[in-house]
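Student: My questions all concern the structure below.
The values are calculated or read from the model by the stated rules, or taken from the named source; none is laboratory data. Please read all numbers here as calculations on a predicted model, not as lab measurements. As a convention, Cβ positions derive from the backbone with ideal geometry for all residues, glycine included, and neighbour counts pool all protein chains shown. The protein model used for the area step is the full one, side chains on, heavy atoms only, and it has no ligands, DNA or RNA in it. Shrake-Rupley method; radii C 1.70, N 1.55, O 1.52, S 1.80 Å.
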Amino acid sequence: MEFSHKSVLLMPAVDGLAVREGGIYADCTAGGGGHSLEIAKRLGQSGKLICFDRDPEAIEAAKKRLEGYAPVFVDRNFAEIKEALRELGVEHLDGALMDLGVSSHQLDDPERGFSFHSDAPLDMRMSGKGMSARDVVNDYPEDKLAAVLFEYGEEKFARGIARGIVQARLAAPIETTGELAEIIKRNVPLKVRKEKNPCRKTFQAIRIEVNGELDALEKALDDIFELLSPGGRLSVITFHSLEDRIVKQKFKSWLEGCTCPKDFPVCVCGKKPRAAQITRKPITADDAELADNPRSRSAKLRVIEKI
C-alpha cells in the first residue's frame, strides 16, 4: 500500500517554530514528510533538518517527499533523540516538532492491524519490531489487561472487556482485529454499542501499550527541551487527552516561575521560568481543514519557546 498521510495543522505547527534560516531543527515524527518538507523549505541551504520516525515505511515515504533537500533521516524512536543527536555530533536544536499518535497510513493499511474497521492480523507495532498487539491480547493476565484498557483507553468497561478477552482466548488464540472487535462489542452494554463504536478506546489502549507511547513521550519532551537553544521553540500536536495532559504538565513546569507563598515579601525560592508561552490556548483545526481531513478534529497544537 502506498504511504499516504495528511499533515495535521501543517502551517500553524511550522509557523509556530519561527524557523530561522540556517538553523538546526528536528521533526521528531516525520511520518509522510509533510511537516518536514515545510521546515526544509524555510531552512535554506545552510540549515540542518533531522527527521525521526520509528516506522521504516514512513522514513521511506519522507525520503521521497524531500528529494532535492538534504535532511538526515533517523530510523529511531524520538525517545532516543539525545543519544541519536550525540552520535550525529549535534549539540543543540533551534526547534523541534512532534506530531503524536498514529498516522493516517498506519490506520488505513489493514495489514498494520491498527484499525477496528477491517479484519487483519493483530499487530499495531509502529516499528514492526518487538511485542505486538497479539502478544498483549493473548498473554497479559486479566488484571493487567484491564489496567491497560482503563489507564490508556479511559475505558469504563475495562474489566468486562478484559474478562471477555480472557474467556475467548481459552478456546483459541485471538489472531485478528476483527475477532478482537467482536469480543469488545459482546462485553459492553447494548446501549453503548448502539450509540457509537465501542472499540476505539480498547484499540487505542492496546496500541499505546504496544508502542510504549506515553513513557517515550515524557522522556522525549524532557530531552528535547534540554537540547533547545535559548529562543528555540517546541511545537507539539496531540490527539487524545492522555498525551495532551502530559504535554500540558511539562509545559507548565517549564513556564512556572517563583513558587513562594503569595504572602512572602520577596522571593526566596529563586525559581525562574525556563520557557515562554507562544500559544495561550491550544490551536485547533479550522473549518477548511476539518472538511478536508476529519481526523484533525481532535488535534491540539501547543508551542513554547525556551528562555
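Student: Only one of (1) assigned to a helix (DSSP H, G or I); (2) touching a helix residue (DSSP H, G or I) at 6+ places or on another chain (Cβ under 6 Å); (3) open to solvent by 30 Å² or more (accessible area, probe 1.4 Å) is not met by residue 83, so which one is it?
Tutor: (2)
Student: Quick check on residue 94: is it open to solvent by 30 Å² or more (accessible area, probe 1.4 Å) and outside any loop (DSSP other than H, G, I, E, B)?
Tutor: Here the answer is no, as residue 94 does not meet what is asked.
Student: Can we say residue 303 is exposed (fewer than 14 other Cβ atoms within 10 Å of the Cβ) and among the aliphatic types (A, V, I, L, M)?
Tutor: No; evaluated as a whole, the condition is false for this residue.
Student: What number of residues within the range 275-301 satisfy the criterion of being in a strand (DSSP E or B), in contact (Cβ under 8 Å) with a residue 60 or more places away in the chain and small (Gly, Ala, Ser)?
Tutor: Residues meeting the conditions: 0.
Student: So is residue 245 open to solvent by less than 50 Å² (accessible area, probe 1.4 Å) and either touching a strand residue (DSSP E or B) at 6+ places or on another chain (Cβ under 6 Å) or in a helix (DSSP H, G or I) (or both) or not?
Tutor: Taking the combined requirement at face value, the residue does not satisfy it.
Student: Could you list, in sequence order, the residues of the range 240-274 that are within 18 Å of the chain's Cα centre (by Cα) and either at pLDDT below 95 or not hydrophobic (A, V, I, L, M, F, W, C) (or both)?
Tutor: Those that are within 18 Å of the chain's Cα centre (by Cα) and either at pLDDT below 95 or not hydrophobic (A, V, I, L, M, F, W, C) (or both): 240, 241, 243, 244, 245, 248, 249, 250.
Student: Oh, and also: Restricting to the range 135-152, and then to whatever is surrounded by 21 or more Cβ atoms within 10 Å (Cβ to Cβ), touching a residue at least 40 places away in the same chain (Cβ under 8 Å) and farther than 14 Å from residue 211 by Cβ, can you tell me which residue is farthest from the chain's Cα centre (by Cα)?
Tutor: Step by step, filter the range 135-152, then rank; the result is 137.
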